[in-house]
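Only the coordinates and a few stated rules stand behind these numbers; no lab work does. Note that the coordinates shown come from a computational prediction; the quantities given were computed from them, not determined experimentally. Note: ideal-geometry Cβ built from the backbone for every residue, glycine included; neighbour counts use all protein chains shown.
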Amino acid sequence: MSFLEIPEMLGAGLVLILLFLTGFIGTRWKIPEVIIFILLGIALGGFLSGSHLLHFAGEVGIVLLFFMLGMEFPITQLANVAKKVTPAGSLDVVLSFGVTFLICILFGLDIITSVLIGGVVYATSSSITAKLLESSKRMANPESEFILGLLIFEDLVAPVLVAILVGLTSGIDLTFSSLMLLMGKVFALTLGAILIGKYLFSKLGTFFDRHMSKDIFILFIIGLALAYGGLALYLDLSEVLGAFLAGIMLAEVRRTHELEHMIVSVRDLMLPLFFLYFGTTIAFDEGIPMVGLLVIIFIWSIVAKIAVGIYGGKWFGLSKRVALRAGFSLTQRGEFSIIIASLAAGPIKAFSSVFILLSAIVGIILFQFAPKIAKRLYGKNKPQEKIKVPGT
């Protein structure tokens with residue numbers, strides 16, 4: 001009996017045990033779980049590739065991840081965060097996405113492929129960066145508010161970018177009318193979430209308080225995430241955008257902590273399967289494609305994030321030294337880059353996968369050395385150094 005012929009129950013158990021063992025080893029060696037799970041997927045690609053069950057379970061995990069992310073941001077808070085970091089966030093879009101897109105065009109790639117690679121390069125990994133800030137005890141540092149604010153801005157832009165890329169890669173010809181239709185769908189889905197959140201869920205606080213403690217309530221919460229994510233898929237958009245908007249809807253109930261406590265264990269069970277499945281889809285049969293372009297984009301991706309930290313941090317009100325420290329802390333890529341890379345095929349997926357792995361590894365190293373680099377260039381910490389609020 002081959003591996004593929006064993007009972008699904010046995011196969012699922014073995015996969016979960018392997019994920020635990022590799023994750024445990026990664027934790028001991030301080031390797032992010034994202035990287036270790038992707039590498040495991042690459043190693044098991046011959047056994048697990050094409051598994052519909054693994055693919056679906058991974059999709060549920062990524063939907064719950066962005067559903068919980070959306071729950072962190074009631075509509076009014078979203079507006080406040082966006083306003084504060086918009087200058088730095090806009091610079092990030094121009095440098096990390098826009099310039100990367102132009103580099104790819106200059107290398108002769110088509111528009112859709114260039115947009116895909118630009119999307120892969122754009123977003124810093126929220127999960128890796130947050131864990132690094134916490135583990136290195138830098139959460140109280142003055143740059144942490146700026147870094148987290150920029151990550152939130154990216155988390156707002158990236159689902160829309162993913163939705164557009166899903167539409168562009170679905171085989172529909174890229175025309176002005178098709179692009180306008182795509183943007184119209186995104187707008188309608190977003191407006192629907194805002195209206196439902198503001199006029200329905202904001203009035204259901206008492207209902208939630210009365211029923212949240214019941215075991216069956218989790219069925220409603222996860223069902224809402226999957227349903228709105230599925231609606232996005234039905235509209236030829238991304239389930240990530242739908243799940244994020246569903247979280248924003250539910251955030252209006254103002255019971256985020258209690259609801260997250262209900263969902264987090266299901267998310268932590270399913271999410272590693274997404275990274276594992278992504279790894280199984282990567283093939284290096286023809287080696288690493290476009291090595292010259294990969295090197296250029298990899299170097300530019302680091303330069304762009306450092307520039308965002310230096311100039312965006314200055315606009316945010318940070319000192320030069322703290323802004324530089326922030327810039328060197330933003331270079332790792334992760335979950336959003338993986339989601340966008342999963343839309344690619346063949347050589348472009350292999351290209352993107354190598355970039356993500358390199359960026360994550362080098363980004364972690366740069367994060368660890370960021371304080372030393374800033375100290376060497378700008379001297380020791382000043383005791384009175386704090387965040388300078390613009391306009392004060």
- [ ] Can you tell me how much longer the chain between A79 and K198 gets when fully stretched, taken as 0.36 nm per residue apart minus their C-alpha distance, in nm with one decimal?
- [x] 41.4 nm
TODO: Rounded to whole Hz and in sequence order, give me ³J(HN,Hα) for segment 123-132 from the Karplus expression 6.51 cos²θ - 1.76 cosθ + 1.60, θ = phi - 60°, writing x for Gly and Pro.
DONE: 8, 5, 6, 5, 5, 5, 5, 4, 5, 5
Open item on the list: Considering the Cα positions of segment 121-266, please state its Rg to one decimal place and its Dmax as a whole number of Å.
Closed with: 17.6, 50
Open item on the list: Given bins 5 angstrom wide, list per bin the percent of all Cα-Cα distances in segment 1-74, short to long.
Closed with: 3, 13, 19, 23, 19, 13, 7, 3, 1, 0, 0
Task: DSSP-assigned coil residues among trypsin sites (Lys or Arg not before Pro) in segment 64-151, each with at most 12 further Cβ atoms within 10 Å - done: K137
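Loop only by DSSP, 14 or fewer other Cβ within 10 Å of the Cβ. Give me the chymotrypsin sites (Phe, Trp or Tyr not before Pro) in segment 279-321 that pass, ordered by residue number. Could you put the intermediate results ahead of the total?
Values: sites: F284, F298, W300, Y311, W315, F316; in loops: F284.
Answer in residue order: F284.
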- [ ] Please give the calculated 222 nm ellipticity per residue for the chain, where each DSSP H segment of at least 4 residues contributes -39500 (n - 2.57) and the sum is spread over every residue; nearest 500 deg cm²/dmol?
- [x] -24000 deg cm²/dmol
Task: Label point at L102 placed 7 Å out along Cα→Cβ; residues across segment 294-321 whose backbone nitrogen lies under 20 Å - done: 294-312
- [ ] Please list, in chain and number order, the residues 5+ apart from R333 or on another chain whose amide H is under 5 Å from its amide H, with Hs placed from the backbone.
- [x] S125, A360
- [ ] Take each of the peptides 195-206, 244-255, 31-42, average the number of other beta-carbon atoms within 10 Å over its residues, and list them starting from the highest.
- [x] 244-255, 31-42, 195-206
TODO: Could you calculate the FRET efficiency of M139 with R376 from 1/(1 + (r/R0)^6), where r is the beta carbon distance between them and R0 is 25 Å, rounded to 0.05?
DONE: 0.60
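By the gyration tensor of its Cα atoms, with a ≥ b ≥ c the square roots of the eigenvalues, what is the shape of segment 270-339: rounded for a/c under 1.5, prolate for a/b over b/c, or oblate?
It comes out oblate by the Cα gyration axes.
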TODO: Given a cut-off of 23 Å, name the pairs among K137/K372; K83/K131; K131/K349 whose C-alpha atoms lie farther apart than that in the structure shown.
DONE: K83/K131; K131/K349
TODO: State the extension gain, in nm to one decimal, for the chain segment bounded by F20 and S213, taking 0.36 nm per residue of separation less the distance between their alpha-carbons.
DONE: 66.5 nm
- [ ] Let me see the pair-distance distribution of segment 193-298: every alpha carbon pair, 10 Å bin width, integer percents in order.
- [x] 12, 33, 26, 15, 10, 4
